[in-house]
Amino acid sequence: MITNIPFGEKYAGLSIFEPSEGTLVVVPSLSLPQDELRRITAARSYEERLLFLLLTLREPGVKVVYLSSAPIDPDIIDYYFAFLPDPDDAAKRLTLITLDDPWSQPLTRSVLERPDVIEQLRSEINGDAWIVPFVLSELEEELASLLNVPLYGPATSFAYYGSKSGGRELGHEAGVPMARGFGDLRTSSEIEEAIEALPGERVIVKLNDAYSGLGNAIVTKTDRSLTSFAMAGESWDTFSVKIRDRGAVVEEYIEHRPLYYPSALACITPGGHAQVLATHDQVLGGANGHVYQGCTFPAAPEYRAEVGASAERIAGVLAERGVVGVFGMDFFALKADAGYAALLCEINLRIGGTTHPFGAAVLTTGAAYDPATGLLMAGDQPKYYTATDNCASSCLRGRTPGEVVRTADRLGIGFDAERRTGNVFHLLGAVPEHGKLGFTSIGDSREEADELHALTRRLLCGS
């Protein structure tokens with residue numbers, strides 16, 4: 001199903017980070033390959049990544065309707081309200097709708113099976129509204145059609161550009177440098193031909209629609225038994241089935257060290273205006289070192305401008321196609337003879353791992369992105385941040401979100417509203433069962449943000 005319900009001229013410049021009025025219907029459904037999603041610890045709690053949007057209730061004309069598959073701890077809601085000038089008034093403009101079924105995945109499919117929830121959503125939408133999905137699939141398009149509200153996200157008709165193969169095609173069109181490789185591969189013979197055609201001892205094979213690096217495999221040409229899969233328990237037999245179903249790309253494996261992993265966050269308004277919102281350096285981990293763990297803002301100055309310029313060209317092409325919403329682009333950066341080179345890795349045509357740290361930073365500090373410098377500026381003061389999704393410790397397991405927040409405040413690692421520095425926590429719902437949380441550490445310098453982040457890890461996670 002493809003829906004194209006218009007926003008109207010009034011919202012041509014809409015940004016989900018700074019709406020002045022209207023209703024945000026937040027649908028944080030993880031409408032992604034479920035086999036990979038099951039490998040992520042506390043995956044259901046990732047529905048809470050978009051809770052930073054509660055900070056938009058600072059504007060009295062904004063209302064938020066937030067869906068979840070399980071109830072959100074009231075202490076978490078109170079935590080976000082504490083950032084607002086009038087929490088009581090904000091509470092009147094927030095509606096939480098839960099399916100009360102933590103095993104319902106993806107969330108949107110379960111919503112569509114609940115007429116009572118659909119009717120409740122309809123009753124909450126009075127006036128201008130739009131759906132903010134974590135990822136946009138046909139499920140979210142069906143929901144938008146039933147509610148007759150527009151979607152702030154890329155339509156499924158553009159999904160190909162968010163695949164690994166589509167990203168390579170778009171990168172070529174935008175004139176952005178990339179690693180050598182081949183796309184739109186599905187058969188074993190196509191994969192083998194591509195592997196042998198590329199230089200070097202190793203290549204990387206990526207599933208078209210995987211995320212967080214979980215669909216990657218590093219192949220040693222001379223000994224396939226040395227193939228390293230990002231997903232635990234993967235084998236060539238299981239991986240080949242996924243290649244046939246989803247398609248894949250084969251690219252040269254960049255052996256150059258040191259190798260850096262910057263990314264860019266961009267948005268396209270309903271009126272077609274494209275802009276880069278931020279650049280980051282990603283923190284990666286996992287078996288192959290390809291799984292997203294967190295990020296730092298901004299990207300290093302050596303390649304920040306090149307990453308921003310490439311992202312701007314890609315966003316421009318997508319805007320011409322009619323894409324709307326927030327999305328990310330991942331790059332490799334390495335030192336070349338004439339400075340640093342940035343190569344496009346992939347386009348994530350959806351809200352991603354750097355979206356909530358950016359949203360938390362701008363909505364708590366009031367900072368704005370300066371494209372000339374690539375910095376977030378709160379007046380004359382630049383803001384920096386370091387973020388993680390993966391602070392985990394057995395000592396956190398069994399504690400409540402409220403206890404963690406109170407402990408942070410007592411230890412002096414909460415948020416200082418006057419200086420507009422400190423930590424903004426997320427994934428708090430994963431604390432009791434999994435002993436896991438995330439946080440964005442904001443400082444007035446790179447050093448301050450990094451030092452606060454390291455201190456918070458030591459004090460809360462013992463790492």
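The values are calculated or read from the model by the stated rules, or taken from the named source; none is laboratory data. All values derive from a computational prediction rather than experimental measurement. Note that each Cβ is placed from the backbone with ideal geometry, even for glycine, and that neighbours are counted across all protein chains shown. SASA here: full protein model, heavy atoms, side chains in, ligands and nucleic acids out. Shrake-Rupley method; radii C 1.70, N 1.55, O 1.52, S 1.80 Å.
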Could you please find all residues in the range 97-119 being over 23 Å from Ile77 (Cα atoms), touching a residue at least 12 places away in the same chain (Cβ under 8 Å) and open to solvent by 50 Å² or more (accessible area, probe 1.4 Å)? Arg109, Arg114
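Residue-by-condition table, conditions (1) open to solvent by less than 20 Å² (accessible area, probe 1.4 Å); (2) without any contact (Cβ under 8 Å) to a residue 24 or more places away in the chain; (3) under 11 Å from the mean Cα position of the chain (by Cα):
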{"residue": "Thr296", "(1), (2), (3)": "no, no, no"}
{"residue": "Ala299", "(1), (2), (3)": "yes, no, no"}
{"residue": "Ala311", "(1), (2), (3)": "yes, no, no"}
{"residue": "Ile314", "(1), (2), (3)": "yes, no, no"}
{"residue": "Leu318", "(1), (2), (3)": "yes, no, no"}
{"residue": "Arg321", "(1), (2), (3)": "no, no, no"}
{"residue": "Glu346", "(1), (2), (3)": "no, no, no"}
{"residue": "Thr355", "(1), (2), (3)": "yes, no, yes"}
In the range 313-329, what residues are of a type in the set (Val, Ile, Thr), outside any helix (DSSP H, G or I) and closer than 21 Å to Ala299 by Cα? Val326
For residues that are crowded, with 17+ Cβ neighbours inside 10 Å and either part of a helix (DSSP H, G or I) or polar (S, T, N, Q) (or both), tally how many sit in the range 435-445. 2
Filter the range 396-428 for residues that are among the basic types (Lys, Arg) and under 26 Å from the mean Cα position of the chain (by Cα); the one that is least open to solvent (accessible area, probe 1.4 Å) is Arg420
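Any chance you could count how many residues in the range 413-434 are among the aliphatic types (A, V, I, L, M) and part of a strand (DSSP E or B)?
Residues meeting the conditions: 1.
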State which residue is nearest to the chain's Cα centre (by Cα) when the search covers only the range 18-54 and only residues that are modelled with pLDDT of 90 or more and surrounded by fewer than 18 Cβ atoms within 10 Å (Cβ to Cβ). Glu18
Residue satisfying all of: in the range 67-90; over 20 Å from Ala417 (Cα atoms) and surrounded by fewer than 17 Cβ atoms within 10 Å (Cβ to Cβ); nearest to the chain's Cα centre (by Cα) among these: Pro71
